[in-house]
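What follows draws every value from the coordinates through simple rules; no lab data is involved. If you're wondering where the values come from, they're calculated on a predicted model, not measured in any experiment. As a convention, Cβ positions derive from the backbone with ideal geometry for all residues, glycine included, and neighbour counts pool all protein chains shown.
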Amino acid sequence: MLELMKSSFLELKKPRTIVICGFLLALSLILSTQSIHIGNIIVIGFSFIANSVAGFLFGPVVSGILGGTIDVITHFMNPKGSYFFGFTFNAILGGLIYGFFLYRSKYGTKKLLLRIILAKILISLIVNLTFGTIWVTMFTGKGFLVLLPARAFKESVTIPIHCLIMYIILKAVNKIYYQLNLNNKQE
């Protein structure tokens with residue numbers, strides 16, 4: 001795990017990483033304005049795509065930094081209430097999880113899908129249901145257990161949708177990344 005963190009940290013020295021992360025940041029800012037609303041509870045957003053791609057290409061350090069940066073910039077560009085660091089923490093933690101599960105491999109179909117599912121379930125349970133519900137509880141004054149069922153239902157609906165979207169996009173990114181020989185060790 002330490003070697004994985006070190007390898008991801010070294011990605012920050014590569015100009016290619018910074019350029020691609022800039023593109024992913026811009027993409028995430030655009031995607032954060034788009035969502036699909038199903039009823040009053042379920043909102044399917046797409047800004048997770050950039051963070052998962054960063055985790056896939058550059059690992060947990062880069063993806064965590066990008067996640068935090070995206071959260072802060074998104075909030076100030078399109079504020080939806082007051083800024084709270086807890087949600088930035090969630091974005092960083094989500095990026096770390098994507099990086100730990102998806103980084104540094106050319107995956108076959110089954111292995112990639114399994115890693116996507118595991119990462120998304122972990123993010124849903126730890127980041128969204130646990131920490132996210134705590135942060136919402138702090139803001140609304142409603143009890144944790146009052147908010148949890150609706151949030152759990154939302155996560156159970158969005159997990160398969162997010163996994164499918166991530167699978168399609170990461171397969172394409174993997175193919176493009178290796179076809180363009182962006183994985184070479186020379187810089």
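Please report how far the C-alpha centroid of the stretch 14-29 lies from that of the stretch 96-148, rounded to the nearest whole angstrom.
If you average the Cα positions of each part, the centres end up 23 Å apart.
Over the stretch 24-144, calculate the relative contact order: mean separation of alpha carbon pairs under 8 Å at least 6 apart, over the residue count, as a percent.
Numbers: 151 pairs, mean separation 28.4, N = 121.
Reported relative contact order: 23 percent.
Can you sort Val146, Val173 so the residue with the fewest Cβ neighbours within 10 Å comes first?
On the way: Val146 11, Val173 16.
Listed from fewest to most nearby Cβ atoms, that is Val146, Val173.
Hey, can you rank 132-142, 50-60 by average C-beta count inside 10 Å, highest first? Let's see the in-between values first.
Numbers: 132-142: 14.1, 50-60: 27.7.
Sorting 132-142, 50-60 by mean packing, highest first, produces 50-60, 132-142.
Enter the angle in degrees (range 0 to 90, nearest 10) between the Cα long axis of helix 15-31 and the first principal axis of the Cα atoms of the chain, meaning the one along which they spread out most.
Taking the Cα atoms of the chain, the angle to 15-31 is about 30 degrees.
From the phi angles alone, apply the Karplus equation (6.51, -1.76, 1.60; θ = phi - 60°) to the stretch 38-48 and give each ³J(HN,Hα) in whole Hz, x where the residue is Gly or Pro.
10, x, 8, 9, 8, 10, 9, x, 10, 5, 5
Can you pull out the trypsin sites (Lys or Arg not before Pro) in the stretch 1-67 that DSSP calls coil and that have at most 11 other Cβ atoms within 10 Å?
Working: sites: Lys6, Lys13, Arg16; in loops: Lys13.
When the trypsin sites (Lys or Arg not before Pro) of the stretch 1-67 are filtered for loop state and at most 11 Cβ neighbours within 10 Å, Lys13 remain.
On a 0 to 90 degree scale, rounded to 10, what angle separates helix 60-77 from the longest Cα axis of the chain?
Result, in degrees: 50.
With Cα extents along the principal axes in Å defined as stated, name the option among (i) 53, 34, 32; (ii) 88, 36, 30; (iii) 49, 39, 33 computed from the structure displayed.
So the calculated entry is the one marked (i).
What is the angle, in °, between the Cα long axis of helix 2-11 and the longest principal axis of the Cα atoms in the chain? Nearest 10 is fine, range 0 to 90.
80 degrees
In what order do Cys21, Cys163 fall by count of nearby beta-carbon atoms within 10 Å, going from fewest to most?
Numbers: Cys21 23, Cys163 17.
With the sparsest Cβ surroundings first, the list reads Cys163, Cys21.
Residue-wise, which Karplus ³J(HN,Hα) couplings in Hz belong to the stretch 80-90, taking 6.51 cos²θ - 1.76 cosθ + 1.60, θ = phi - 60°, and x for glycine or proline?
10, x, 7, 6, 9, 4, x, 6, 5, 4, 4
Compute the signed sum of charges (Lys and Arg +1, Asp and Glu -1) over the other residues within less than 14 Å, Cβ to Cβ, of Leu24. Could you put the intermediate results ahead of the total?
Numbers: positive: Arg16; negative: Glu11, Asp71.
The answer is -1.
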